[in-house]
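Note sheet for the following structure.
The values are calculated or read from the model by the stated rules, or taken from the named source; none is laboratory data. Small disclaimer: the values here were computed from a predicted structure and weren't measured. Using ideal geometry, Cβ is built from the backbone for each residue, glycine included, and neighbour counts are taken over all protein chains shown.
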Amino acid sequence: MSFLALAAISKSFGPNQVVKDFNLSVGKGEFVSFLGPSGCGKTTVLRMVAGFETPSAGTIRIDGQDVTRLPANKRRIGMVFQAYALFPNMSVSQNVAFGLKVAGADRATISRRVGEMLELIKLDHLGERFPYQLSGGQQQRVALARALAPKPNLLLLDEPLSALDAQIRVSLRDDIRAIQRELGITTIFVTHDQEEALSISDRVVVMHQGRADQLGTPAEIYNRPATRFVANFVGKLNTFEARIADADEGQLNFAGKDFTAPTPLRGLRSGDPITVALRPEALALHRRHDDEASLQGKVLDFNFLGSVIRAKVEVDGRPICLDMFNQSGFTMPPVGTATELYFSRSDLLVLPE
Amino acid sequence: MKTIRLFPTIITVLAGLYFLVPLIATFKFSLEMKRGELSFAAYQSVFQSDTFVQVIGFSVVASLVAIVLGALLVVPTAYWVRLKLPKVRPFIEFVSILPLVIPSVVLVFGYARIYGTGSFLPLTMTETGLNVLLVIGYVVLSLPYMYRAVDNGMAAIDIATLTEAAESLGASRLRTILAVVFPNVRSAIVSGAFLTFSISLGEFVITSLLNRPAFGPYMVQIGQDYAYQPAALAVMAFAVTWVFMALMEFFGSRRPGQRIFPRLRVSRFRRVGS
């Protein structure tokens, strides 16, 4: 049975419908991310779960209880905001203690729990400091401890890493996941950063124009995008306009060659136009073990990105990208050289129209 | 090479003289009550007057009541507008600056018409009623300053997100206001309060037309009857205003949670196992 269940949720602000028929079921202890561009409705869904917005239609259930109309302060939800939102008039310890005081915990319990939480976020030496005396990363850790202190049913994180610099973002991301695993708390994480969502989550919901385009594990989202939007939004993609040569045999034609589709072409007829795609890392300049197909191209440019080298190659008159590991002994073919690009048939993505 | 900015310097010196010369002259004059020597006799004379003690007491109480009333009106309004009605903010701001546009005399005549004889609420017929109208008048006059101070204070701390954070931790709206909103806009309220106090203390038009025994009309009356005491009163009024400006600056520049005087703090939350 799902711990958090959103059924047919919609939300309109005036004539603007920002969330449309949104359904989601989250198991206890699961870490689910909402991923999407700005304005896709991900934060609105989170705010409805938190109780800061009321759905125009649909129901929200937490642990079997209908909380759709329950005020935010009665939901027992921990929330971490993008802007930290620590109370400036309170010290770190007082911030963490706030929820416990509101719940009416006794002094000994508050003191013990605050100590535990500060130890969990590794800031037990900064309990007496005020928020303005902390760095952004430290403030967000305190915000996390404050949200977790009253032992909430659900943890909601609204783009908690967006205001931090790259290095802190990665380390805090790992810490959030470790703490979530340790406490086993059901968590919803909102982000527009695909790397963040894919690296931290059990499952990812990719949102687009107020709807959930796809719900799946990070690998499913990346390797088998359900919609054209998901394919384009998550990761880099090389797309090719193709035509179905033989629908029954699963034969496609693009870039002047015939290929066999990795999955049956249901609902399509021979001659239909179709879009196919290949991830940059699915292509290689040298034939690998599983590669059974290839394209003809001409090297345009190379970008050295550290661990990865990105090549730009012209195929069928259009530039496409391919990524290779920066392995020792690898020599780049000169720019302008004709080359063969190898790939495995199973990496070919057939995008729905 | 250091450039001497002649014109701005001249302007600054002239402005300083324009401000300081009358003040110094008034101060010097206030010390010359006794022929041939400088003394504080005029100040002594002012403090020995029973009327002075009465009017200053009345004005202080009326100003303090106006501060409390103003804070109770402005803080929840500014909070609610920022939280739930952001679109109404320009309108509220416009209303808050109306007292700067509408002369006080118009306000008092409005009071006299609405709350006069034969009105459903004849406040002008009793002493208490007149005092109530005076305090409300002070609240109205200080509204532009109080509202701006409090609204700026709220803008500085993103009050909407803090409210949501408090609510997600289980706090009721009342608890959020008392534990989060008020402490974080305290400096702003104090700044607004000092401005209200300064305005109310020296206010003349409303106080005089409502015939209240307050400091403003007293100063004018003294000016007609005596020579040195009004000068002493003017210097004292300046000194009080400056003290309040300094206090406002002091409270306004303090960070939330920062103490006035540093003190040793003992941790109330000890580490587990320590």
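Working only within the stretch A:229-253, note down all residues that are assigned to a helix (DSSP H, G or I) and buried (at least 17 other Cβ atoms within 10 Å of the Cβ). Talk me through it step by step, then tell me what you get.
In the first step, residues of the stretch A:229-253 are kept if they are assigned to a helix (DSSP H, G or I); the result is A:229-233.
Those that are assigned to a helix (DSSP H, G or I) and buried (at least 17 other Cβ atoms within 10 Å of the Cβ): A:Phe229, A:Val230, A:Ala231, A:Phe233.
Which one of A:Gly127, A:Gly115 is in the same structural domain as A:Thr43 (by TED's automatic domain parsing) and without any contact (Cβ under 8 Å) to a residue 12 or more places away in the chain? Talk me through it step by step, then tell me what you get.
Details: A:Gly127 fails: without any contact (Cβ under 8 Å) to a residue 12 or more places away in the chain.
Within the list A:Gly127, A:Gly115, the selection yields A:Gly115.
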- Of all strands (runs of 3 or more DSSP E) completely enclosed by the stretch A:262-353, which ones contain at least 3 residues that are of a type outside the set (Phe, Trp, Tyr) and over 31 Å from the mean Cα position of the chain (by Cα)? A:293-304, A:338-343
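Report whether or not A:Lys312 is surrounded by 11 or more Cβ atoms within 10 Å (Cβ to Cβ), under 25 Å from A:Arg228 (Cβ atoms) and of a type in the set (Lys, Arg).
Numbers: surrounded by 11 or more Cβ atoms within 10 Å (Cβ to Cβ): yes; under 25 Å from A:Arg228 (Cβ atoms): yes; of a type in the set (Lys, Arg): yes.
It is true that A:Lys312 is surrounded by 11 or more Cβ atoms within 10 Å (Cβ to Cβ), under 25 Å from A:Arg228 (Cβ atoms) and of a type in the set (Lys, Arg).
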- Item | Extreme residue, nearest to the other protein chains (Cβ to nearest Cβ), among residues of the stretch A:91-115 that are of a type outside the set (Gly, Ala, Ser) and surrounded by fewer than 16 Cβ atoms within 10 Å (Cβ to Cβ) | A:Arg107
- Could you tell me whether the stretch B:150-159 includes any residue that is surrounded by fewer than 18 Cβ atoms within 10 Å (Cβ to Cβ), assigned to a helix (DSSP H, G or I) and within 14 Å of chain A (Cβ to nearest Cβ)? yes
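Name the residue, out of A:Gly329, A:Gly256, A:Gly271, that is farther than 23 Å from A:Arg224 by Cα, touching a residue at least 60 places away in the same chain (Cβ under 8 Å), outside the structural domain of A:Pro225 (by TED's automatic domain parsing) and among the small types (Gly, Ala, Ser). It would help to see each step written out before you state the result.
Details: A:Gly329 fails: touching a residue at least 60 places away in the same chain (Cβ under 8 Å); A:Gly271 fails: touching a residue at least 60 places away in the same chain (Cβ under 8 Å).
Of the residues listed, the single one that is farther than 23 Å from A:Arg224 by Cα, touching a residue at least 60 places away in the same chain (Cβ under 8 Å), outside the structural domain of A:Pro225 (by TED's automatic domain parsing) and among the small types (Gly, Ala, Ser) is A:Gly256.
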- Task: Run A:Leu100 past the list (1) aliphatic (A, V, I, L, M); (2) under 24 Å from A:Leu161 (Cα atoms); (3) free of Cβ contacts under 8 Å to residues at least 60 places away in the same chain and report the number of the one that doesn't hold.
- Result: (2)
- Flag for B:Val88 being in a helix (DSSP H, G or I) and without any contact (Cβ under 8 Å) to a residue 12 or more places away in the chain: yes
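Just checking, which of A:Val114, A:Val45, A:Val96 is modelled with pLDDT of 95 or more, assigned to a helix (DSSP H, G or I) and closer than 28 Å to A:Ser10 by Cα? Give the derivation first.
Values: A:Val114 fails: closer than 28 Å to A:Ser10 by Cα; A:Val96 fails: closer than 28 Å to A:Ser10 by Cα.
Only one candidate qualifies: A:Val45.
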- Residue pairs qualifying under the 6 Å Cβ cut-off, at least six apart or on distinct chains, with the first in the stretch B:138-157 being touching a residue at least 24 places away in the same chain (Cβ under 8 Å) and the second being charged (D, E, K, R), are B:Met154/B:Arg82
- Taking first residues from the stretch A:177-206 that are under 21 Å from A:Ile62 (Cα atoms) and at pLDDT 95 or above and second residues anywhere that are among the acidic types (Asp, Glu) and not in a loop (DSSP other than H, G, I, E, B), the pairs with Cβ under 6 Å that are 6 or more apart or on different chains are A:Val190/A:Asp158
- Note on the structure: A:Asp323 fails exactly one of (1) under 30 Å from A:Asp246 (Cβ atoms); (2) charged (D, E, K, R); (3) touching an Asp or Glu at 6+ places or on another chain (Cβ under 8 Å), namely (1)
- Item | Where a residue in the stretch A:333-349 is without any contact (Cβ under 8 Å) to a residue 40 or more places away in the chain and its partner, wherever it lies, is of a type outside the set (Lys, Arg) and crowded, with 17+ Cβ neighbours inside 10 Å, with Cβ under 9 Å and at least six apart | A:Pro334/A:Val299; A:Val335/A:Val299; A:Gly336/A:Val299; A:Thr337/A:Val299
- Does any residue of the stretch A:158-167 turn out to be within 13 Å of chain B (Cβ to nearest Cβ), in contact with a Lys or Arg (Cβ under 8 Å, 6 or more places away or on another chain), crowded, with 18+ Cβ neighbours inside 10 Å and of a type in the set (A, V, I, L, M)? no
